[in-house]
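The values are calculated or read from the model by the stated rules, or taken from the named source; none is laboratory data. Everything numeric here is computed off the predicted structure, so don't read it as measured data. Reconstructed Cβ throughout: ideal geometry from the backbone, glycine too, with neighbour counts over all protein chains shown.
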Amino acid sequence: MDIWDKEKRSQVMSKIRSKNTRPEMILRKALFARGFRYRVNDKRLPGTPDIVLPKYKTVIFVHGCFWHGHEGCKHASTPKTNTEFWVDKIITNKKRDKIHTGQLISLGWTVLTVWECDIRHNFKRDLPRLIDNVEAAILRGKSKKISIKIYEERENEVVLVAEDIVEYNQNPSDMKTENH
Ligand SMILES: [Zn+2]
């Protein structure tokens, strides 16, 4: 028998959830354990990305399936009441996400989206595989742009004579970790 009544139980459970199993915390810990260092909730960047990896010029959003309208996801179903209100809200969120992604990409960032359902459900028992995918996407982001600078020394000054950015043929949609 439960030592708590129903109300107390749900209080306790929600506390545990918010402290230890919040999806972005899980992802952060896993990435940290693999040696990645990051900033969190960086307000200086569009959309305040959840995880920012400056070394890899990559940001990661951990999106709640409901709030960010994860298409085709069973964890993103719209409530039966007040449907119009929620649909409006989610459409607005999605538009905003798209704008932020566009801004970040134009600033040279690689944008990765990890959906909560992957952390909470789909990969719950095989989290290392999900993290493998995220890691691969981060490393791909780094290899995408290699800046080659060629300097020439002229009397007392160093002049940049050429700067090539080699871009590999990468489709940004490949970067998303949307394995189901
Ligand atoms: Zn989802």
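Residue-level check: of (1) under 30 Å from Glu135 (Cβ atoms); (2) at pLDDT below 90; (3) β-branched (Val, Ile, Thr), Val52 misses just (2).
Taking the criterion of being surrounded by fewer than 18 Cβ atoms within 10 Å (Cβ to Cβ) and either touching a His at 6+ places or on another chain (Cβ under 7 Å) or in a helix (DSSP H, G or I) (or both), the residues of the range 54-65 that qualify are Pro54, Lys55.
Of the strands (runs of 3 or more DSSP E) lying entirely inside the range 76-180, those containing at least 1 residues that are at pLDDT 95 or above and crowded, with 17+ Cβ neighbours inside 10 Å span 110-115.
For the structure I just gave you, tell me whether His68 is modelled with pLDDT under 95, surrounded by 18 or more Cβ atoms within 10 Å (Cβ to Cβ), within 16 Å of the ligand (Cβ to nearest atom) and not charged (D, E, K, R).
Numbers: modelled with pLDDT under 95: yes; surrounded by 18 or more Cβ atoms within 10 Å (Cβ to Cβ): yes; within 16 Å of the ligand (Cβ to nearest atom): yes; not charged (D, E, K, R): yes.
It is true that His68 is modelled with pLDDT under 95, surrounded by 18 or more Cβ atoms within 10 Å (Cβ to Cβ), within 16 Å of the ligand (Cβ to nearest atom) and not charged (D, E, K, R).
Please work out if Arg37 is among the basic types (Lys, Arg) and free of Cβ contacts under 8 Å to residues at least 12 places away in the same chain. Considered against the rule, which asks whether it is among the basic types (Lys, Arg) and free of Cβ contacts under 8 Å to residues at least 12 places away in the same chain, Arg37 comes out as no.
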